[in-house]
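Accompanying notes for the structure given below.
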Amino acid sequence: MSEDGTPIGVYEQDGLPQVLTEFAEAQSLELATFASAEAQVAAISDDIAYNAHDIDDGLRASLFDVIDLADVPLVDGALGEVLKLHPSLDRPRLIHETVRRLISLMVGDVIEASRQRLRLHDPQSADDVRTTNSPIVGFSPHVNAQNRELQKFLSDRMYHHERVYDVMQRAQRVVRDLFETFTDDPAKMPMEWQQSTDATPDETTVRSICDFIAGMTDRYALEQHRQLFDVGPLFR
C-alpha cells in the first residue's frame, strides 16, 4: 500500500483481502513499507521453489515437453548445459538435472543481487530494510525479466492448460458444494466446528465454515464431498 493507504501493485484493482485489512485495523502492519529481510528471503525462496516444482510437474504431466523450455531464456541455459555434458541422459534424469541447475542459477543470482543492494543501501537496522525505495532481497533486473518470461510460459502452457482448467473447475465445485452445505446446515461439520457457529448463519459462522474448508487436505475435502453427495471426485 502507498503511504496514504491506497492499494498499489497487484492489489490496485481488487484491493487488499478483507482479512488483511481487518487485521491491519487491529494492529498496524506498516503496509506502506517493505517486508523484513527475513520475509523477503522467504518470498523469493517461494518464487524459486514454485518455478522449479511447476516445471517439474508440467513436464512429468506432459503438459509441455523438454524441448519447449529451449524457448524460455531462464531455462534454456540450464537445459543446454545438461544436454552438452550428458547428451544421452534419459528423460527423468534430464528433467532433474535441468531443474537442479535452474535452482542454482536463481539462488546464485538472488545472493549476488542482494549483496549489491546491501552495499548500495547499507541498512543499519530492520527499519532501514523496510523503508528503502525497493526490496533488498530479490533477483537482478536481468534475471527478474527472464523470470517474468518463465512465469508467462507456465501461465500459458500449464496453469491455463485445458486439463488443468478442467481439474480446477471440479475442485471449485467441491469447495462450493461444501460451503453451501455447511452454510445451510452447520451441524454437518464436526462437533468442534459446530461449537463456533450459530443456528442462523452470520459473518462469524461463515468465517468458521471458510476456515474449516480451508484447513482440509485435498483427500479429506474429496472424502467429505463423496459422503455428502455420493459422487466420486471426478464426477463421472
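The values are calculated or read from the model by the stated rules, or taken from the named source; none is laboratory data. These numbers were taken from a predicted model, which means no experiment stands behind them. Cβ sites come from the backbone with ideal geometry, for glycine too, and all protein chains shown count toward neighbours.
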Evaluation of Ile8 against (1) at pLDDT 75 or above; (2) more than 25 Å from Ile103 (Cα to Cα); (3) of a type in the set (A, V, I, L, M, F, W, C) (one fails), failing number: (1)
Can you find, within region 140-197, the residue that is surrounded by the most Cβ atoms within 10 Å (Cβ to Cβ) among those that are within 18 Å of Arg60 (Cα to Cα) and among the aromatic types (Phe, Trp, Tyr)? Phe153
Pick from Ala43, Ala52: which is within 23 Å of Tyr165 (Cα to Cα), small (Gly, Ala, Ser), under 21 Å from the mean Cα position of the chain (by Cα) and surrounded by 12 or more Cβ atoms within 10 Å (Cβ to Cβ)? Ala52
Filter pass, Glu22 being out of contact with any Ser or Thr (no Cβ under 9 Å at 6 or more places or on another chain) and either in a helix (DSSP H, G or I) or at pLDDT below 90 (or both): yes
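Kindly indicate whether Ala37 is more than 30 Å from His161 (Cα to Cα), in contact with an Asp or Glu (Cβ under 7 Å, 6 or more places away or on another chain) and surrounded by 14 or more Cβ atoms within 10 Å (Cβ to Cβ). Spell out the reasoning first.
Numbers: more than 30 Å from His161 (Cα to Cα): yes; in contact with an Asp or Glu (Cβ under 7 Å, 6 or more places away or on another chain): no; surrounded by 14 or more Cβ atoms within 10 Å (Cβ to Cβ): yes.
So Ala37 fails the test.
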